[in-house]
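These notes are about the structure you will find just below.
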Amino acid sequence: MTHTVSLSPARERFARPLFIATIVMGSFLLFLTQPMIARMALPRLGGAPAVWNSAMLVYQLLLLGGYAYAHWLSRLRPRRQAGLHLMLFGLAALWLPIGIREVLPPVGGEPALWVPWFLLSSIGPLFFIVSAQAPLMQRWYALESSRGEPYTLYAASNLGSFAGLLSYPLLVEPLMTLEAQSWLWTGGYALLVLMVVGCALTIPAGAVEAVPEETAPPPTKARTLHWIALAAVPSGLMLSTTTHLTTDIVAMPLLWALPLGLYLLSFVVAFAGRRRPAELLTLFAPLIILIAGGLAFTDGSRNPFFSATLGLLLLFVVAVALHGEMFRLRPAVGHLTRFYLAMSFGGMLGGLFCAIVAPILFDWAYEHPILVVAAAFLVPQSALVPWPERWQRALRILLPLAAFALSWTVDGGRMPDLGGMGGMLGSIVISLLALACLGRPAAFAAGLAALMMSYGGWTTLAGGGTEYRVRSYFGVYSVSTRAGDNARVLTHGTTLHGLQNLDPDLAHQPTSYYSRRSGVGLALDNAENLFGPGANVGVVGLGTGTLACYARPDQNWRFFEIDPVMTRIARDHFTFLAGCKPDAELVLGDARLTLAAQPEGHFHLIAVDAFSSDAVPMHLLTREALQVYGRAMAPDGIVLFHISNRYLDLQPVIAANAEALGWDSAMLAFAPDADEEARNETVSVWIAMSRNPDTIDRLVELSGDERFQWQAIERRPGFAGWSDEFASILPLLKWPSLW
């Protein structure tokens, strides 16, 4: 048994604030580490999904390892725990200031092997030791029995995580260079060590033995598996909600932060000492799951604000309800670290399912409705409609079957019209059947699944009206025919990525952002006049391969594409490449890394077309990136940037880079006329840059009637541009378009 000696009232008065502050600081540093290291490593590792999936695995495993370490450490005597923990803090300090190692990826190296080693050797010890703070400090706090419930301190841990999450994109990244960020983190680490020392000094002198686990019955295997499931579903739902929002509703910068922030805040509510808010949300959780979760298959892009709000509400309520159930089922303090180890393992499983498994198994974001159904099964619920005892077994089967049969009728348009109300009435009946199943988790979850299917689920399973749909680690791509059968369209989530006219006479005419009167069209049309025959052209971003139709037979074209799936789409579903430049070379990999490996001075013209969606690859727009393009380009060559973007004004970035490196530039904002719109040409903004001012002048002169459309770009006062050391998208947001 543990023998405790109460501390003096003066010392004890400061114990709880000290432990809370220590837990908050540790969690703050953890959530500062991940985006900061990502920014540091991006120029070196590139943006390929294999790289960042490997990085996510490293973070998850280090976090799990930290929780396992805290669980193991709790078996030692308290004072020995403190000594060993502080010694490991000192050893980890050898990796300060935090940063990445000065090594380059090996040529042909396998990211799945090299990236984990790179990150582990760069930050592994620091991340590991800091990740142990939340469970370990709660365990130390509980050594003094008069302090009360230790589990509520976990709410403070997630407040620290939430603060770290918000502070990086809103404060740290916009205001500090990477070197300054590294020293900020290092200072936080030093402060955390001092706080841990303070916490160690509060360990009662009489606590000379470890708390034996037999002081309370150990959790059963079933209870541990229940904890894992309760942790896995909200963790997975947080990621699936992010995918669902950005893929099927609206692709908006920083939108990923909202689901993660709500996920963290759910712990604050669920583990709080005041139980009323969590209990109220749990009470209404089944109804909210039915209303919001039932729309999981609908096209939210038509009402993006409403759909996004509903999806975020669903995530928060489910997370509070399931985390609150974990809190209700928490073990005695002697098994605290085991409880958090199970929670961490469940969180890792949810993350692996969404980030690794789902993109391999599914061609659509099916993990989202699957996790919502799982939440309906796990959420605490009470029966709304009493069932006769003798009908219990039959109703558990018959009601969900009836709901599924009706959903197939509703989504397939097989319901009687009834003045346009047939489908709505069918869905209402399915909702009532699901409510009748409330209190019987499996039947309720099945009823919810039937409701989902009635709102587009069967259509989505059948392909959603697309000719081809495929998923990669970059998202869901769909190939479909535009209404009127006049064009085949490629979309990536909600973003247009290219289209081709189906009229044979127009099939190889450039469309969408690549019109002949656009900036890139004028430059490529005049490539021979600018650089002579046999020009070498590089294109970053393949899309449907539309730009290939500007190629001349004697020109050498090379496309740089990061996603292998995109190359298959361009070859198998569009004919731009095959019909216009079948000998074009396709280079797979992150463009910055692959361009750096090209012969010096090889290209006469490089078109960089990778910024039309919300996920702007920042490392392709820094000054260092422009230097990479410059090295691969002839002295009088041109690099063109496509900066059309719904939410970001990227012009100031290009202007700052041009001024800093002494490049000349001009911008052309193209707006199609009625005839061009009929040919599926769209608005676009392109910027042309060259180290030789005469080259830009000649391009403008060769543009004919369009020469007056070229405009000079101007620096934004106070905006320093982007570099590998300093960059932020906040100054570039088009705030009105976000709403």
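The values are calculated or read from the model by the stated rules, or taken from the named source; none is laboratory data. Keep in mind it's a predicted model, so treat the numbers as computed, not measured. So basically every Cβ, Gly included, is an ideal-geometry build from the backbone, and we count neighbours across all protein chains shown. The accessibility values were calculated without ligands, DNA or RNA, using every heavy atom of the protein model including side chains. Shrake-Rupley method; radii C 1.70, N 1.55, O 1.52, S 1.80 Å.
For the chain, with all protein chains in place and a probe radius of 1.4 Å, 63% of the accessible heavy-atom surface sits on carbon or sulfur.
Calculated mean residue ellipticity at 222 nm for the chain: -16500 deg cm²/dmol, from DSSP H runs with n ≥ 4 weighted as -39500 (n - 2.57), summed, divided by the residue count and rounded to 500. Ranking Gly484, Thr544, Gly519 by Cα position along the charge dipole of the stretch 484-598, where only Lys, Arg, Asp and Glu carry charges on their C-beta atoms, puts Gly519 farthest toward the positive end. If you take the alpha carbon atoms of the stretch 411-562 and fit the smallest convex hull around them, that volume is 158 Å³ per residue. Over the chain, accessible surface divided per residue gives 40 Å², non-protein components excluded, 1.4 Å probe. Estimated at the nearest 10 Å², the accessible area of Asp525 is 50 Å² with a 1.4 Å probe. A quarter of the convex hull surface defined by the alpha-carbon atoms of the stretch 544-629 gives 6.0 nm² as the mean projection. Taken along the Cα-to-beta-carbon direction at a fixed 7 Å, the label points for Arg396 and Ala660 span 6.4 nm. Considering all different alpha carbon pairs of the stretch 435-487, the Kirkwood hydrodynamic radius works out to 13.6 Å. Ranked from largest to smallest solvent-accessible area, with a 1.4 Å probe on the protein heavy atoms, Arg571, Arg623 come out as Arg571, Arg623. Averaged over residues, the count of other Cβ atoms within 10 Å places the peptides 160-171, 277-288, 476-487 in the sequence 160-171, 277-288, 476-487, highest first. As a calculated quantity, the FRET efficiency between Asp503 and Glu179 at R0 = 56 Å, using C-beta atoms, amounts to about 0.50.
About its Cα centre, the dipole of the chain is roughly 3600 debye, where the only charges are +1 on Lys and Arg Cβ and -1 on Asp and Glu Cβ. With 0.36 nm allotted per residue and the present C-alpha distance subtracted, the Ala671-His573 stretch has 32.5 nm of extension available. Rounded to the nearest 5, what is the percent of antiparallel bridges among the DSSP beta bridges in the chain? Antiparallel bridges make up about 60 percent of those DSSP assigns within the chain. The heavy atoms of Cys580 present about 40 square angstrom of accessible area, all protein chains included, probe 1.4 Å. These residues, Ile228, Ile289, go from largest to smallest accessible area, 1.4 Å probe, as Ile228, Ile289.
Three principal axis extents describe the C-alpha atoms of the chain; from largest down they are 88, 70, 43 Å. Projecting the Cα atoms of Trp391, Thr494, Leu448 onto the charge dipole of the chain, computed from C-beta unit charges around the Cα centre, puts Trp391 farthest toward the positive end. Set the Förster radius R0 to 60 Å, insert the Cβ-Cβ distance between Ala483 and Arg77 as r into 1/(1 + (r/R0)^6), and round the FRET efficiency to 0.05. E(calc), rounded to 0.05, equals 0.25.
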